[in-house]
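The values are calculated or read from the model by the stated rules, or taken from the named source; none is laboratory data. Because the structure is predicted, anything quoted here is derived from the model rather than measured. Cβ sites come from the backbone with ideal geometry, for glycine too, and all protein chains shown count toward neighbours. When the accessible area is computed, the model is the full protein with side chains, heavy atoms only, and any ligands, DNA or RNA have been set aside. Shrake-Rupley method; radii C 1.70, N 1.55, O 1.52, S 1.80 Å.
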Amino acid sequence: MTKNSYDVVVVGAGFAGLYMLHNLRNRGFSVKVFEAGGDIGGTWYWNRYPGARCDVESLEYSYQFSDELQQEWVWSERYATQGEILRYAHHVADRFDLRRDIQFDTHIAEMDFDEASNSWKTTTSDGETVVSRFCVMATGCLSSTNIPSIEGRNTFSGGTYHTGNWPHTEPDFTGKKVGIIGTGSSGVQSIPLIAEQAEHLYVFQRTPSYAIPAYNGPYDPEYERERKANYKFYREEAKNSRSGFLLAINEDMAMDVSDAERQAVYEKRWKRGGLTFLGAFNDLLTNKEANDTAADFVRGKIHDVVDDPKIAEKLSPQTVVGCKRMCVDTNYYQTYNRENVTLLDVSEQPIDAITETGIRRGGIEIELDELVFATGFDAMTGALAKINIQGRNKTTLKEKWAEGAKTYLGVAISGFPNLFIITGPGSPSVLANMMPAIEHHVEWISDCINHCRDTNCNRVEASNDAEEAWVAQTNELASHTLFPTCNSWYLGANIPGKPRIFMPYLGFQRYLAACEEIVNEGYKGFSLS
Ligand code: N01
């Protein structure tokens, strides 16, 4: 007979689910992990589009819970490819013998809390049920793909793809007319490579992105040796930062220095490449005047690279830099100098419809053989919303979050006892380096479950008051920044009808301190019974 009762059920076998399993298992808990994909890896299992890479440096985008692991794994490049990151995930799963507790190709349909027994019943879409005292949602922040409802969407007769659900057999675009909708990070990474293969690539851009060159390349062995020798120091430094990675934020204010000094700082950051550009000055995300100087600098770089000034202008964002996540690119702007690439501005002239043979825009049909959606995700809440989660008093999470996601610490939800989320809305998650953010949550949740076992408690639940105060604080922190000024997925603004509420908690170090304090004060804001 199959076992159907566990201490903990974990949903998702990406980096969060894998470490959750390992950590709980080490503490003697019985754990069952369900994964919708055919294998481990989460984001890196699904996002296998051409050019998919991490925009955080490899030596930082990796687990630190095992020193042997971090010493033995050798990253080949500054920014690892999707394939290399997935190989790393496989190495972790093999090293810690994780697969035996993971059930693949399994979607979770329903989760119901039973108040009498203080346990959850989890039901798969095949009708299999398991019971557990605790559930941990490791379902990811960017895992529920968004395909916009453009008229005629399902009538296209060629191949259609979403970057976040890319086929395992690589499509061959050779000799094909390809259309791509979307110019966020996924579009920016895939467009240069698709353009190299396709006969012609049509890019449908609604809002241009700011992209900073990656200057990717192999790691200098000496740099890697030094980093690894001092990993403890660098990991601590990152924890004591705003974002969980080594952005090296310049404490100067942009408007306190001369124009020439400012330009020199931007130039230096630009030459280093990557997201550290945003750390050029301390006030880039709080002072619009300061931000404008960074925006002007990037726009100038776009004009330097793109031959046709009209195309350069269309590619130049007018929004706040960093308000949407910046992209890290390789040859993105250069791609628009190719003769087989056409940029179509759909903010000026929207798409009328997708047709059987292409895309109609302004009454003119652009014939396509293949269509790629690089249109992003229903971020942070989308994957949870797909599961019918029913807490106390038969209230569903969908009902609870109808006006916007509310959590305590981004980890727990009032009315949903014994349920935890890894990197949920209300935690730094997507505005931090995901790996330390995940590890911190896993360890915090595991400590909490362990504490419950030690103190014979059967139910852990966030109080409504603590949750309200946390949501207010999350919004308050965002209100002092420029983040709420654009229609980003951080606000849910990319999904029609989604309540507009700033979801990530700003400040990694501040967040870690808050979580620690809550534990030190006897799990303040939680009731344990
Ligand atoms: O998605 P996005 P993404 N008609 O939401 C456009 C992470 N990530 O998959 O801005 C026309 O950023 C939309 O236009 P607009 C990273 O955190 C990381 O690219 O809404 N266009 C936008 O251009 C990132 O931020 C890496 O006007 C439509 C695009 O689609 C996050 O994932 C790599 C449209 C969506 O951009 C999401 O990135 C990849 C419509 N109806 C992703 N609807 C790394 O490097 C949407 N768009 C680690």
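Against the criterion of being out of contact with any Ser or Thr (no Cβ under 7 Å at 6 or more places or on another chain), within 16 Å of the ligand (Cβ to nearest atom), farther than 26 Å from residue 135 by Cα and among the aliphatic types (A, V, I, L, M), residue 491 qualifies. For residue 254, the conditions (1) within 16 Å of the ligand (Cβ to nearest atom); (2) open to solvent by less than 10 Å² (accessible area, probe 1.4 Å); (3) closer than 30 Å to residue 293 by Cβ are fulfilled apart from (1). Looking across region 38-56, just one residue is over 15 Å from the mean Cα position of the chain (by Cα) and among the acidic types (Asp, Glu), and that is 39.
Do you know which residues across region 257-274 are exposed (fewer than 15 other Cβ atoms within 10 Å of the Cβ) and over 29 Å from the mean Cα position of the chain (by Cα)? Result: 258, 259, 260, 261, 264.
Residues in region 141-160 that are within 27 Å of the chain's Cα centre (by Cα) and open to solvent by less than 40 Å² (accessible area, probe 1.4 Å): 141, 144, 146, 148, 150, 159. The set of residues in region 73-108 that are open to solvent by 40 Å² or more (accessible area, probe 1.4 Å) and among the small types (Gly, Ala, Ser) contains only 76. Residue 202 fulfils the conditions (1) within 16 Å of the ligand (Cβ to nearest atom); (2) open to solvent by 20 Å² or more (accessible area, probe 1.4 Å); (3) in a loop (DSSP other than H, G, I, E, B) except for a single criterion, (3).
One residue stands out among those in region 45-56 that are open to solvent by 20 Å² or more (accessible area, probe 1.4 Å) and either away from the ligand (no atom under 14 Å from the Cβ) or out of contact with any strand residue (DSSP E or B) (no Cβ under 9 Å at 6 or more places or on another chain) (or both): the one that is farthest from residue 103 (Cα to Cα), which is 50.
Condition check: of a type in the set (Val, Ile, Thr), at pLDDT 95 or above, surrounded by 16 or more Cβ atoms within 10 Å (Cβ to Cβ) and within 16 Å of the ligand (Cβ to nearest atom). Does residue 311 satisfy that? When the stated conditions are applied, residue 311 does not pass them. Which pairs turn up if I take residues in region 230-244 that are closer than 13 Å to residue 61 by Cα and assigned by TED's automatic domain parsing to the domain that holds residue 278 and look for partners that are at pLDDT below 90 and not in a helix (DSSP H, G or I) with beta carbon separation below 7 Å, at least 6 apart in sequence or on another chain? From region 230-244, the pairs are 234/246; 238/244; 238/245; 238/246.
This table checks each residue for (1) in contact (Cβ under 8 Å) with a residue 60 or more places away in the chain; (2) within 16 Å of the chain's Cα centre (by Cα); (3) surrounded by fewer than 20 Cβ atoms within 10 Å (Cβ to Cβ).
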{"residue": "426", "(1), (2), (3)": "yes, yes, no"}
{"residue": "441", "(1), (2), (3)": "yes, yes, no"}
{"residue": "450", "(1), (2), (3)": "yes, no, yes"}
{"residue": "489", "(1), (2), (3)": "yes, yes, no"}
{"residue": "500", "(1), (2), (3)": "yes, no, yes"}
{"residue": "511", "(1), (2), (3)": "yes, no, no"}
{"residue": "516", "(1), (2), (3)": "no, no, yes"}
{"residue": "527", "(1), (2), (3)": "yes, no, yes"}
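Among the criteria (1) open to solvent by less than 20 Å² (accessible area, probe 1.4 Å); (2) under 30 Å from residue 502 (Cβ atoms), the one residue 336 does not fulfil is (2). Please verify whether region 375-383 includes one or more residues that are open to solvent by less than 10 Å² (accessible area, probe 1.4 Å), of a type outside the set (D, E, K, R) and over 14 Å from the mean Cα position of the chain (by Cα). Checking region 375-383: not a single residue is open to solvent by less than 10 Å² (accessible area, probe 1.4 Å), of a type outside the set (D, E, K, R) and over 14 Å from the mean Cα position of the chain (by Cα). Being touching a Ser or Thr at 6+ places or on another chain (Cβ under 9 Å) and either outside any helix (DSSP H, G or I) or within 26 Å of residue 436 (Cα to Cα) (or both) is a description that applies to residue 212. When region 261-291 is filtered for residues that are in a helix (DSSP H, G or I) and either hydroxyl-bearing (Ser, Thr, Tyr) or touching a residue at least 60 places away in the same chain (Cβ under 8 Å) (or both), the ones remaining, listed by number, are 266, 275, 276, 277, 288, 291. The number of residues in region 180-199 that are away from the ligand (no atom under 11 Å from the Cβ) and open to solvent by less than 50 Å² (accessible area, probe 1.4 Å) comes to 4.
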